[in-house]
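Working notes, structure below.
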Amino acid sequence: MTFRLPSAAPLLRTPQTAVLEGIAGFVPPDAVPNHALPAAWDVDDAWVRRRTGIGERRRAAPGVTTGDLALEAAGRALAVAGGPLVDAVIVATSTPDRPMPAMAPRLTTRLGLGEIAAWDVSAACSGFVYGLAAAVGTLASGCADRVLLVAAEVYSTLLDPQDRSAGIVFGDGAGAVVLRRGERDEPGAVRALDLGSDGSGEELIQVPGGGARERSRPAEFGPDDRYFRMRGREVFQHAVTRMTQSAHTVLKRADWAAEDVDRFCAHQANARILSAVGDRIPVPGERHVTNIARVGNTGAASIPLALADAAARGELRAGERLLLTAFGAGLTWGSAALVWPELPTVPHVDATGTDATAVSAANPAVPAAADPALRTQIA
């Protein structure tokens, strides 16, 4: 069953919505290729690629937090948008720097954006789409003229060193977009949204410990309950079914057919999931936007990070119709439809080792990194 906000349908029938005017991504510099995975996991490059489509993933250095990655991506997105003033900041993450307070107010202060509205969204790997819906509502309601939406994760802090199934998949990264209020028929406008959830599947993807339940019943939990756990086979089926259904729903709301979709960007969970969803919509593989081979599954950050990467490589063209879809813990899922706008060139530093400090020096709107080790590959 798909959850619908009471105001969602009338909101999207009005001309006011969110319009994309800046996007950027960021990953830490430390790459962990398949051949460098722990020997105890007994995996090789061919095995990992066959099961996941991943060749390497990024890991934040000790002391580098989700907030640090969010700062880098947010600063770059603001720079791409021309350094505009924003009225609200939304951070989507399932790996916050601490349980309380939310990350968004601190990020807002670090960016020097003043005493504006700021809050977090927790919808796991669906967080960016949920955050996009929150941004649309905030803008269309008149509460803000411009919103900064950031999705950031440091999943490496949740991974069990003994669990190869999660260890081979997840990476760290951040993606950010700047959205302004605008008309629904503008390039860059969010044309349609769909959100859903099913709490009966909460145990399929979870971190059992670390919350109020553990604090109130400590005897029921052990040290290993602080680690990420996922029942992969069941998750695969749910992810394919839910993302396919949600994608069809949002296409109907946008009044698009599957063949109208120029580019398809799904949550970068696993290459087999991406292929299965694409086949069922259907959208042919050459229209898929994907970077999972180079960064792995970066949770809520995966969609904006993949889009920023594709934009940096010149793979997205103004006027193309984009379909986005995601699935995550909760269970949660969501989809969005938009037409890609004309954007300034996105600064990009690839894996050849060009120092991203040069990008920041050329663009003063990008804040200095919290740690020099953050200077990296996708900007």
#### Entry: Solvent exposure of the chain as accessible area per residue, Å², 1.4 Å probe
41 Å²
### Message
For MET100, MET230, MET243, give me the order by solvent-accessible area with a 1.4 Å probe, most accessible first, ignoring ligands, DNA and RNA.
### Response
MET100, MET230, MET243
### Message
Sorting check: for 217-224, 41-48, which peptide has the highest mean count of neighbouring beta carbons within 10 Å, and how do the rest follow?
### Response
41-48, 217-224
### Task
Considering only ALA266, ALA70, ALA318, give the residue with the highest GNM mean-square fluctuation for the chain, with springs between Cα atoms whenever their separation is below 10 Å.
ALA318
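Express in % the proportion of alpha carbon pairs of the chain at distances exceeding 34 Å.
Values: 14347 of 71631 pairs.
For the chain, the fraction of Cα-Cα distances above 34 Å is 20 percent.
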#### Entry: Nonlocal amide H pairs with HIS288, under 5 Å, H built at 1.01 Å
PHE264
### Query
So who's got an amide H within less than 5 Å of the one on ASP160, skipping anything under 5 residues away but keeping other chains? H placed 1.01 Å off N, in plane.
PHE228
### Query
Can you list residues whose amide H is under 5 Å from GLY209's amide H, if they're 5+ apart or on another chain and H is modeled 1.01 Å from N?
ARG226, TYR227
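Just need the relative contact order of the chain here, percent rounded to a whole number, with Cα pairs under 8 Å and 6+ apart. Before the final figure, lay out each step's value.
Values: 928 pairs, mean separation 99.5, N = 379.
This gives 26 percent for the chain.
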### Query
From the backbone phi of the stretch 328-340, what are the Karplus-calculated ³J(HN,Hα) couplings (6.51 cos²θ - 1.76 cosθ + 1.60, θ = phi - 60°) in whole Hz, Gly and Pro given as x?
x, 4, x, 6, 9, 7, x, 9, 8, 10, 8, 9, 5
### Query
When the chain is treated as a GNM, springs tying every alpha-carbon pair under 10 Å, which of ALA269, ALA336, ALA257 comes out with the largest mean-square fluctuation?
ALA257
### Query
What list of ³J(HN,Hα) values in whole Hz, one per residue of the stretch 125-136 in order, does the Karplus curve 6.51 cos²θ - 1.76 cosθ + 1.60 (θ = phi - 60°) give from phi, with Gly and Pro shown as x?
6, 8, x, 5, 5, 4, x, 4, 5, 4, 5, 4
### Task
Would you mind pulling out the separation of the Cα centroids of the stretch 42-56 and the stretch 67-144, in Å?
34 Å
### Summary
Applied in sequence order to the stretch 301-316, the curve 6.51 cos²θ - 1.76 cosθ + 1.60 (Karplus, θ = phi - 60°) yields integer Hz couplings, x standing for Gly and Pro, of 6, 5, 5, x, 5, 5, 5, 5, 5, 5, 5, 5, 8, x, 8, 10
### Query
What value, in deg cm²/dmol to 500, does the helix sum -39500 (n - 2.57) over DSSP H runs of n ≥ 4 give at 222 nm once divided by the residues of the chain?
-8500 deg cm²/dmol
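The values are calculated or read from the model by the stated rules, or taken from the named source; none is laboratory data. These numbers were taken from a predicted model, which means no experiment stands behind them. Every residue, glycine as well, gets a Cβ built from its backbone with ideal geometry; the counts of neighbours run over all protein chains shown. The protein model used for the area step is the full one, side chains on, heavy atoms only, and it has no ligands, DNA or RNA in it. Shrake-Rupley method; radii C 1.70, N 1.55, O 1.52, S 1.80 Å.
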